[in-house]
1. So which of His192, His222 ends up being of a type outside the set (Asp, Glu) and either within 11 Å of ligand 1 (Cβ to nearest atom) or over 21 Å from Leu333 (Cα atoms) (or both)?
2. Cβ contacts < 8 Å: first residue in contact (Cβ under 8 Å) with a residue 24 or more places away in the chain and within 13 Å of Tyr177 (Cα to Cα), restricted to segment 193-208; second residue within 9 Å of ligand 1 (Cβ to nearest atom) and acidic (Asp, Glu), any location; separation 6+ or different chain. Result?
3. Answer yes if at least one residue in segment 343-357 is β-branched (Val, Ile, Thr), modelled with pLDDT under 85, in a loop (DSSP other than H, G, I, E, B) and crowded, with 16+ Cβ neighbours inside 10 Å, and no otherwise.
4. Report, ordered by the first and then the second residue, all pairs with beta carbons closer than 9 Å, sequence separation of six or more or different chains, a first member in segment 169-192 that is surrounded by fewer than 15 Cβ atoms within 10 Å (Cβ to Cβ), and a second member that is assigned to a strand (DSSP E or B) and of a type in the set (Gly, Ala, Ser).
5. Find the residue count for segment 109-154, including only residues that are part of a helix (DSSP H, G or I) and free of Cβ contacts under 8 Å to residues at least 12 places away in the same chain.
6. Could you check segment 77-91 and list, in sequence order, the residues that are acidic (Asp, Glu) and farther than 15 Å from Leu101 by Cα?
7. Residue pairs, Cβ under 7 Å, 6 or more apart or interchain, first in segment 300-327 and more than 30 Å from Ser449 (Cα to Cα) and outside the structural domain of Ile202 (by the TED database), second crowded, with 17+ Cβ neighbours inside 10 Å and hydroxyl-bearing (Ser, Thr, Tyr). List them.
Amino acid sequence: MASSSKKRSKSAVPSLTGLAFKKICKQLEAFVVGKKASATFVCGGLVPIGTNVAANSKSSKPISVSPPVRICWRTDGDNIARELALPLDANANPQSASDDLRQLVAVCDPASFGRGQQDVIDPEYRKAGKLDPEHFFTSFHPAEFGILPNVEQVLLPNFNTEAQDSLPFRKLSAELYKLNVYSGPSGLFRQHVDTPRSKTQIGSLVVCLPSQFKGGDLVVNHEGRQVVFDWDQQSASASQWAAFYSDCEHEIKTITEGERITLTYNLYITEPVGGSIPPSMIVDPKSFPLYGYLQELIMEPGFMQKGGALGFYCSHAYPHASDEAPMLLPRALKGADLVLYSVFKSLGIKVEVVPVIQEDDFRKGDYDMDEEYESLEYDSNPKDSKGKKEDDVNDKLLVGDKLHPYITTDMTEEFGETLNLNNNNRWKCKHRRGVIWIGSPAHGQSALSYLAYGNEASISTIYSYAAMIAKIPPFLKRKGLVDA
Ligand SMILES: O=C(O)CCC(=O)C(=O)O
Ligand SMILES: [Fe+2]
């Protein structure tokens with residue numbers, strides 16, 4: 001009797017440590033969500049055009065002023081080689097200069113875009129011309145103006161840990177993809193996400209060549225944040241550029257006058273020549289505000305005193321259920337995910353990238369994922385890390401033992417019964433009790449397909465979400481992790 005009343009009072013009045021822990025978890029969530037919002041997903045810059053800059057400057061320093069940009073192509077039909085220098089030369093015969101520009105516009109084909117599985121042309125959605133790289137040559141190369149190192153530094157901060165040498169895929173290469181011309185008064189490209197050309201593609205680079213136009217803002221969105229590049233003011237005097245992650249939605253507003261000419265490049269993550277990355281190029285994880293916060297937290301004896309695990313859903317989409325996944329992750333982590341990973345790593349805390357399945361996705365019954373996660377409450381007492389609420393969540397989550405490629409199985413699910421994933425040994429997983437989950441799952445990918453028998457047999461697919469689980473050692477063990 002006495003023990004049961006004791007039990008009741010414990011659950012009704014949370015302890016002070018419990019309340020403090022709950023608050024920390026909320027703060028951590030706010031930090032990560034805030035981090036997401038402030039994490040860099042796009043960057044941009046400008047290369048002024050100097051008409052008296054030699055095209056083949058012998059200086060070894062990166063050139064900060066560009067000579068006019070040349071574009072060479074062959075006309076359709078008569079196959080005559082043509083060349084255009086941008087910006088148009090104000091001193092040249094204006095008629096012949098704009099004639100060259102008109103010729104370039106004329107040789108372009110209508111630009112398509114991906115809708116579902118198809119490539120379509122729809123001027124209501126995208127009104128632009130395109131030239132494929134095999135049909136033109138340009139004197140512009142982004143490596144010459146320090147553009148790529150800048151993009152690397154912003155979009156690809158490094159880990160700066162011992163693991164750095166074992167993660168050599170942290171350089172970018174830019175592959176020319178298209179030349180596009182958006183002409184006034186109606187050129188545009190409505191909101192879209194670029195189609196990644198390979199699993200190693202992490203973003204796109206757009207270079208707007210010097211040519212007078214009005215309108216045509218490039219608007220890039222990511223998780224409620226927006227960056228606008230209004231390039232029209234300096235359109236005739238500079239090459240202006242922007243780089244962003246592949247999963248950012250973006251659009252080009254209507255070009256009201258002139259020709260907006262862009263080179264687009266696919267950005268791939270690649271192996272640096274010569275192995276390791278020069279430290280001067282990297283962003284130190286210690287410079288992230290999250291570092292200081294977590295460092296203080298793990299020095300707090302009351303925080304997860306006996307150790308535990310924090311789980312974070314990745315905020316960017318990765319091909320985490322592909323054959324390449326084990327090679328790509330964590331190397332290809334981006335933005336907030338990369339910040340979290342690198343901060344934990346640099347604090348000496350083990351963190352792994354794993355796929356997570358919501359068990360109710362394949363149980364019969366109407367399970368509402370959002371509600372489940374919205375109502376997620378953290379366990380109020382770290383000593384009770386197997387407390388009820390938390391177990392409710394972890395009982396429904398299956399964590400893969402590693403990143404698994406998508407599989408089709410011969411497993412079946414009988415009507416009304418639960419599929420047992422452990423009956424197959426290719427997608428090994430388990431419930432990870434005691435993980436405190438922060439944030440919500442964002443980007444599901446097909447993890448495995450199986451035969452489901454309802455009224456009729458059908459193929460069902462289970463989705464997985466990429467997540468990071470950081471294993472927090474007990475206080476006495478982690479004291480030594482933090483530098484004095
Ligand atoms: O020209 C631009 O600013 C962006 C072009 C673009 O979004 C694309 O080609 O997919
Ligand atoms: Fe695009």
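The values are calculated or read from the model by the stated rules, or taken from the named source; none is laboratory data. Values in this document were obtained by computation on a predicted structure and should not be read as measured data. All Cβ positions, glycine included, derive from the backbone under ideal geometry; neighbour counts span all protein chains shown. These area figures cover heavy atoms from the full protein model, side chains too; ligands, DNA and RNA do not enter into them. Shrake-Rupley method; radii C 1.70, N 1.55, O 1.52, S 1.80 Å.
1. His192
2. Ser204/Asp194
3. No; the residues of segment 343-357 include none that is β-branched (Val, Ile, Thr), modelled with pLDDT under 85, in a loop (DSSP other than H, G, I, E, B) and crowded, with 16+ Cβ neighbours inside 10 Å.
4. So the pair list comes out as Pro185/Gly215.
5. So the answer is 1.
6. Matches in segment 77-91: Asp78 only.
7. Correct list of pairs: Gly308/Ser385.
Residue by residue, here is whether (1) charged (D, E, K, R); (2) at pLDDT 90 or above; (3) part of a strand (DSSP E or B) holds:
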{"position": "Pro48", "(1), (2), (3)": "no, yes, yes"}
{"position": "Asn52", "(1), (2), (3)": "no, no, no"}
{"position": "Ala55", "(1), (2), (3)": "no, no, no"}
{"position": "Ser60", "(1), (2), (3)": "no, no, no"}
{"position": "Ser64", "(1), (2), (3)": "no, no, no"}
{"position": "Arg70", "(1), (2), (3)": "yes, yes, yes"}
{"position": "Trp73", "(1), (2), (3)": "no, yes, yes"}
{"position": "Gly77", "(1), (2), (3)": "no, no, no"}
{"position": "Gln95", "(1), (2), (3)": "no, no, no"}
